[in-house]
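The block underneath contains the structure these notes are about, expressed in structure tokens.
The values are calculated or read from the model by the stated rules, or taken from the named source; none is laboratory data. What you are looking at is a predicted structure, and each value in this text was computed from that prediction instead of being measured. Virtual Cβ from ideal backbone geometry, glycine too; neighbours counted across all protein chains shown. Accessible surface is based on the protein model in full, side chains and every heavy atom, while ligands, DNA and RNA are left aside. Shrake-Rupley method; radii C 1.70, N 1.55, O 1.52, S 1.80 Å.
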Amino acid sequence: MADNQSLKGRTAIVTGGSSGIGRAIAIRLGEAGAHVFLAGRSESALNEGCKAVEKTGGRATPIAFDARDVKQVQGLVDKAVKATGRLDIMVNNAGLEFPSSIIEGDPERWREMLEVNVLALLVGSQAAIRAMRACGSAGHIVNISSVAGRREASGVYGATKWAVNSIATTLREELENDKIRVVNIMPGAVATNFARNFPPAFVKGIVSSLGIQADIQPGAQLPPAVLDQIAAAGKLFLASADDVARAVLFAVTQPIELNVFEMVVRPQRALQLPA
Ligand SMILES: NC(=O)c1ccc[n+]([C@@H]2O[C@H](COP(=O)([O-])OP(=O)(O)OC[C@H]3O[C@@H](n4cnc5c(N)ncnc54)[C@H](OP(=O)(O)O)[C@@H]3O)[C@@H](O)[C@H]2O)c1
């Protein structure tokens, strides 16, 4: 485990910091001493996330942004650099899935997945690398990919994560002569609000099989406390967001000459997800 203040004086951005894995990463990085910029769409959830970081003694700033807008992604990096004079860790975590077969799928949903999961990650990485080079930091670009990026026939969502994995490898090679490392983390099933766009009956089935009562509405989100309950009750087939966050903290606190490039963080058993 990294020492408690190993990221003191560092600046980190976490996209998708308003929920789930991003929120947990922000808490771990903040606790380790980084000033964390939590970026997402929901302002109230971002403020809650910042409070959770501050509770651990960390420093946090909320930034509302839309990952689908290239200028807003670049602006996010600019804001963090302007406020702190540096950037050390960029966590490209914002992402979403609309499960569907390709034959039945909606191209506008594909566009949203491609823009958030792939384009925003590319633009965010580029802007962050330029900022890290400009301030001379020993930096980390962290992608939250997925085991779907290893599985054949994993739908359009899986295709976005195959793209993330390929981008990570390319960037790792491009950065071999820099003081910037790339970390690509592939979680398996994690208890978060990621299933917000899944068929409600599927989510209800999992939650009620764990003996947990929760109101599951299409597109709606469950509070962090209920997700913690779900992660605890279903831990054989659902990792917790903090399981992924600890992996990120481990990777970004290694010596800069050491590249912890890829990690699969998954629960003991595989969960069958809708196609
Ligand atoms: N949970 C899993 O089982 C699992 C498994 C493998 C990989 N992952 C990956 O983990 C990452 C985080 O997902 P999660 O599980 O933490 O799900 P989550 O709780 O639904 O969080 C997704 C985050 O992405 C943000 N986001 C989505 N669209 C956005 C947009 N247009 N602009 C800005 N932010 C946007 C959301 O912001 P708002 O809430 O503010 O809208 C939210 O903070 C994703 O990349 C996902 O693919 C998840």
*asked:* Checking the conditions here, which among GLU97, GLU115 is within 12 Å of the ligand (Cβ to nearest atom), in a loop (DSSP other than H, G, I, E, B) and buried (at least 16 other Cβ atoms within 10 Å of the Cβ)?
replied: GLU97
*Quick check: anything in segment 214-227 over 27 Å from VAL53 (Cα atoms) and assigned by TED's automatic domain parsing to the domain that holds ASN143?*
no
*Those residues that are aliphatic (A, V, I, L, M), in contact with a helix residue (DSSP H, G or I) (Cβ under 8 Å, 6 or more places away or on another chain) and away from the ligand (no atom under 12 Å from the Cβ), I need them from segment 81-94; list them, please.*
VAL81, LEU87, ILE89, MET90
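Name the residue, out of ILE256, ILE230, ILE212, that is of a type outside the set (S, T, N, Q) and within 30 Å of GLU173 (Cα to Cα). Walk me through it before giving the result.
On the way: ILE230 fails: within 30 Å of GLU173 (Cα to Cα); ILE212 fails: within 30 Å of GLU173 (Cα to Cα).
Going through ILE256, ILE230, ILE212 in turn, the sole match is ILE256.
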*From the list GLY57, GLY9, which residue is within 21 Å of ILE180 (Cβ to Cβ), without any contact (Cβ under 8 Å) to a residue 40 or more places away in the chain, over 19 Å from the mean Cα position of the chain (by Cα) and open to solvent by 20 Å² or more (accessible area, probe 1.4 Å)?*
GLY9
*Among (1) farther than 21 Å from PHE250 by Cα; (2) within 12 Å of the ligand (Cβ to nearest atom); (3) open to solvent by less than 10 Å² (accessible area, probe 1.4 Å) - the single one SER145 does not satisfy*: (1)
*Does segment 22-53 hold any residues that are open to solvent by 20 Å² or more (accessible area, probe 1.4 Å), in contact with a strand residue (DSSP E or B) (Cβ under 6 Å, 6 or more places away or on another chain) and either near the ligand (Cβ under 10 Å from one of its atoms) or of a type in the set (D, E, K, R) (or both), and which are they?*
GLU43
